[in-house]
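What follows is a short report on a single structure.
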Amino acid sequence: MTVLTIRAEDTVEDGVPSVTGTTSPKLCLGHARTCDCSPNHLNCMTAKEWIKCQLGVWQFYYNGRDVRDKKAHPATFPVSLAARVIELFTHKGELVLDPFVGSGTTLVAAQDLGRNAAGFDLSATYVELAASRLGMSIDGAARQIAITDDARNIPDYLDEGSIALIFTSPPYANLLNRPRLNKSRRSRKNDQYLKVEQYSQDSRDLGTLPLDEYAEEMRKIFSALLPLLRPGAHCVVNVPDMWWENTRITIHLSIIEALRKAGYEFRNTIIWDRTNIVNKVGIFGWPSNYITMGTTFEYILDFRRPPLT
């Protein structure tokens, strides 16, 4: 098992300080390539594999290892999505960071692909779920670590210039912090009806914040993460827009603006077409109010740290 779960109350042996406070120990994770690729290559892909990723619309399928139970976690994505992003922007042996690791899908994909990875979450329950999903590593030299801590503290754990990729699906501001009405489902009153799906009510949780405050906190967090990325390395964020009281809430635009302010270069928008995995969708707005079904697509936003000139 190549996962280490650290909780905020834990201490580290051999005299290393507790992970709490400003003395959090640096993580001993590899971040150097273990492949034989040319130094100027972005990844280990062949030309045939690369060209598939150039399409601006991606589809994925769930498999038996994916978490789809909203009681376990309200907002998950397929391992295959994380795997494609990791394969596209890293080499074997490099280091991937997920600052909002949730159920641990990024760590699972990194393990499959022989990448080192660190994931952070405020919830010890989610960190334990992430750890439970990791089995024996295919590449014994790569390690994946889940840590219960605030994303704001990540610079205490990792060295500058050590990260090859940040990949995450962050909280959706306070848009899950309300009773679910199930308007997107034909069967409205199922076991999710009137449930509040927000991850927690912790005051540090970005999912409790109005959109403007959320965007400012995202700017601060990603500003602090930018020096950890190698120059030219990518940061990829998966997020949907949502509808609230007949208004489209453009979370993806808020994230683009926040990360640009933080110093990232916005490179690409990819649409995650979810129509192949959505069923029992209700009818929105008919016959007088046209609304696109948010459950059928999400945004994959590609940024990078500008290369050194």
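One table, with the values for the structure above:
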read-out	value
Matching residues, segment 96-120, being without any contact (Cβ under 8 Å) to a residue 60 or more places away in the chain and of a type in the set (D, E)	D112
Residues of segment 209-231 classified as under 18 Å from the mean Cα position of the chain (by Cα) and either on the phi > 0 side of the Ramachandran plot or of a type outside the set (D, E, K, R) (or both), total	11
Test for L42: is it in contact (Cβ under 8 Å) with a residue 60 or more places away in the chain, surrounded by 14 or more Cβ atoms within 10 Å (Cβ to Cβ) and on the phi < 0 side of the Ramachandran plot	no
Selection status of T275, within 18 Å of F77 (Cα to Cα) and more than 18 Å from the chain's Cα centre (by Cα)	yes
Top-ranked residue in segment 57-92 [being aromatic (F, W, Y) and either farther than 15 Å from H234 by Cβ or over 15 Å from the mean Cα position of the chain (by Cα) (or both); ranked as modelled with the highest pLDDT]	W58
Residue count, segment 45-54 (criterion: loosely packed, with under 11 Cβ neighbours inside 10 Å and either assigned to a loop (DSSP other than H, G, I, E, B) or touching a residue at least 24 places away in the same chain (Cβ under 8 Å) (or both))	2
Enumeration of residues in segment 258-306 that are surrounded by 15 or more Cβ atoms within 10 Å (Cβ to Cβ), in contact with a helix residue (DSSP H, G or I) (Cβ under 7 Å, 6 or more places away or on another chain) and in a helix (DSSP H, G or I)	A258, L259, K261, T296
Any hit, segment 170-186, residues being touching a Leu at 6+ places or on another chain (Cβ under 8 Å) and at pLDDT 90 or above	yes
The lone exception for E160 - which of (1) more than 16 Å from L206 (Cα to Cα); (2) among the charged types (D, E, K, R); (3) modelled with pLDDT under 95 it fails	(3)
Any pair with Cβ under 7 angstrom, 6 or more apart, that starts in segment 213-229 at a residue that is touching a residue at least 24 places away in the same chain (Cβ under 8 Å) and of a type in the set (D, E, K, R) and ends at one that is surrounded by fewer than 23 Cβ atoms within 10 Å (Cβ to Cβ) and in a helix (DSSP H, G or I)	R219/A258; R219/K261
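The values are calculated or read from the model by the stated rules, or taken from the named source; none is laboratory data. What you see is a predicted model, and the numbers here were worked out from it, not measured in a lab. Don't worry about glycine lacking a Cβ; one is built from the backbone with ideal geometry, like all the others, and counts go over all protein chains shown.
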